[in-house]
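Written below as structure tokens is the structure these notes are about.
The values are calculated or read from the model by the stated rules, or taken from the named source; none is laboratory data. Predicted model, so just to flag it, every value in this text is computed and none were measured. All Cβ positions, glycine included, derive from the backbone under ideal geometry; neighbour counts span all protein chains shown. These area figures cover heavy atoms from the full protein model, side chains too; ligands, DNA and RNA do not enter into them. Shrake-Rupley method; radii C 1.70, N 1.55, O 1.52, S 1.80 Å.
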Amino acid sequence: MPTRRLMTRELYNARDLGGIPTKDGKVTRFGVFVRSEAPVGLSQADIQYLKDYGVAASMDFRSTGEMEARPSDLRNVMPYYPRPLFNEAAIIGGKKPPMPKQLSWGEQYISMAEDSRQWAVDVLNIAAQCPGALLYHCTTGKDRTGLMTCYLLSIAGAERADIAADYSVSQIFLEPVYEKIRNGAMRLGPAMDGPGKKRPPMDESFFQTPAAAMLTLIDDLTARYGSVVDYLRTIGVTEETMEQIREKFVENP
């Protein structure tokens, strides 16, 4: 029986997008899209589990610096798509200005969406064409990964409440990862390396995934474009791409 949270030992936030109802009475299919934090430090057992689960490709949304500091364990065992989404709120140690002390994640996600239009077209084309399950991730699997998940579930026809609910649970599952970040056991990017380098101050809001943040993004795109799907049409995601995603991702219950 498929489960939404994958039974991996080293990935705490690996979740299948299957089992979510859609507005037209259908449901998202298991074994098509998997979201997670960065697959780094995995055992061979976990890698084999992902392959046996049907994961056929991985897509990495981290910056180049993040990828170099903590290379993905999946990059040499299956097709690997590095697709950085650059945003100062989501990158630790990047070249952009430091994160503000108090993050308004809803506003950050709106900015991320508007600043990454071609990125969205690219990654959704890859998602539509992947022959097996696609595992996509950033560092913690909540922000950049959350944006991609919002797009996929919106294309499938999921309700805004279900999209926000899926986003929210990352805060609970990521606690073991957050503890490593807080105590310095996990380095997130190049700014953490080298003599005299100190970990940048991290506000506790970084560790939160409130439903209101995702709802703010969805409601903003709906107010300005008509819906999240209408926004995707506006930026150049084709009907063919979205239909390919629906065809493999949505089924009758």
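Reported count of residues in the range 206-232, each being free of Cβ contacts under 8 Å to residues at least 60 places away in the same chain and either part of a loop (DSSP other than H, G, I, E, B) or touching a Gly at 6+ places or on another chain (Cβ under 9 Å) (or both), is 2. Scanning the range 18-40 for residues that are basic (Lys, Arg) and either crowded, with 24+ Cβ neighbours inside 10 Å or not in a loop (DSSP other than H, G, I, E, B) (or both) yields a count of 1.
Filtering the range 3-17 to residues that are open to solvent by 70 Å² or more (accessible area, probe 1.4 Å) and without any contact (Cβ under 8 Å) to a residue 40 or more places away in the chain leaves Arg4, Arg9. Beta carbons closer than 6 Å, at least 6 apart along the sequence or on distinct chains, pair a first residue in the range 47-62 that is under 30 Å from Phe86 (Cβ atoms) with a second that is open to solvent by 40 Å² or more (accessible area, probe 1.4 Å) and among the aromatic types (Phe, Trp, Tyr) for Ser58/Tyr80; Met59/Tyr81.
For (1) over 22 Å from Pro210 (Cα atoms); (2) open to solvent by 10 Å² or more (accessible area, probe 1.4 Å), each residue gets a yes or a no:
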site: Ala120; (1), (2): yes, no
site: Cys138; (1), (2): no, no
site: Leu153; (1), (2): no, no
site: Gln171; (1), (2): no, yes
site: Tyr178; (1), (2): no, no
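Looking only at the range 124-149, residues that are under 13 Å from the mean Cα position of the chain (by Cα), farther than 19 Å from Leu217 by Cα and not in a loop (DSSP other than H, G, I, E, B) come to 5 in all.
Filtering the range 41-57 for residues that are outside any loop (DSSP other than H, G, I, E, B) and modelled with pLDDT under 95 leaves an empty set. The lone criterion from (1) at pLDDT 95 or above; (2) open to solvent by less than 70 Å² (accessible area, probe 1.4 Å); (3) under 24 Å from Thr238 (Cβ atoms) left unmet by Tyr109 is number (1). Among residues of the range 206-236 being under 18 Å from the mean Cα position of the chain (by Cα) and modelled with pLDDT of 95 or more, the one that is surrounded by the fewest Cβ atoms within 10 Å (Cβ to Cβ) is Leu215.
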